[in-house]
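Taking it in order: structure first as structure tokens, then the write-up.
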């Protein structure tokens, strides 16, 4: 496929790439990808079903967890079609419209997940700092409004990406290095000036990855201060133990995402394979591992899951 230099914008396509240089092993590479997608989608769906059908789990902590599960499902579904299309059928072509739609939903769910992780940090802070008023502060209507704000924030922030990208003509190489579309790569394919898009993308990264992670960090500073003020060491450890799953989720989500963002913007001489691996890790690992972490750490949820499978 030649480079995209057609003046007819609607006829242009991009070529997606699985793992560069390993095309002969795509069928074998598809096996772990299929396992990851199946475990992620089935595991998250089971957790969501259990939380929805079990009234004893209709508590703020589990409602926030269900929000996280929904965003992880959305993230997996947004990438599964193109990923398996490449590794199973060597279907590499994707139209610009489909590419823009995919990158919008990928970035949208990433933004929503970042916001939900921030809400979960606030949930832990209230539960530890003021447990007597916990239920009165985090009521179901208030949690629902928080969820709507997260969605509205994500749509508002991410919608300009496909709109801006549609204004460009694409005359550079049309081969993307991942099996899905992301804004950082697509905008580099344009032969137009991308300064506005680049500045907006950096602003979004600072707002989503920077501000949210900073607020999460401040929340945990206050949580740690509260835990250290508890006179009983056993109670303090028990309170801190409730945050372990959330801390694991934060590290799994932010570490590869921030690393990939830095590589795309400042890592001109970095290894392409490193960018590809970080890209796959940032989208595939969090939906898989976060599900397992919460299933193992939450005794109540773990008991419900075991009961479902034992039946």
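FYI, it's all coordinate maths here, none of it is from the lab. None of the values given here were measured: they were computed from a predicted structure. Because the Cβ atoms are built from the backbone with ideal geometry, glycine has one as well, and the counts that use them run over all protein chains shown.
Here are the numbers:
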item	result
Rel. contact order, % - alpha carbon contacts under 8 angstrom, at least six apart, the chain	27 percent
Burial ordering of 28, 240, fewest other beta-carbon atoms within 10 Å first	28, 240
Read-out volume of the Cα convex hull per residue in Å³, derived from the coordinates shown; its label in (1) 161; (2) 148; (3) 196	(2)
Cα coordinate range in the stretch 43-138, projected on the principal axes (Å, largest first)	56, 24, 17
Least to most buried among 200, 170 (fewest other Cβ within 10 Å first)	200, 170
Between 0 and 90°, nearest 10: helix 140-158 axis offset from the chain longest Cα axis	20 degrees
Sorted by Cβ neighbour density within 10 Å, fewest at the top, the residues 251, 228	228, 251
Using alpha-carbon coordinates, inclination of helix 195-205 to the longest axis of the chain, degrees	20 degrees
Net length gained if the chain between residue 235 and residue 292 were fully extended (0.36 nm per residue, minus Cα distance)	18.0 nm
Gap separating the Cα centres of the stretch 90-138 and the stretch 281-307, nearest whole Å	16 Å
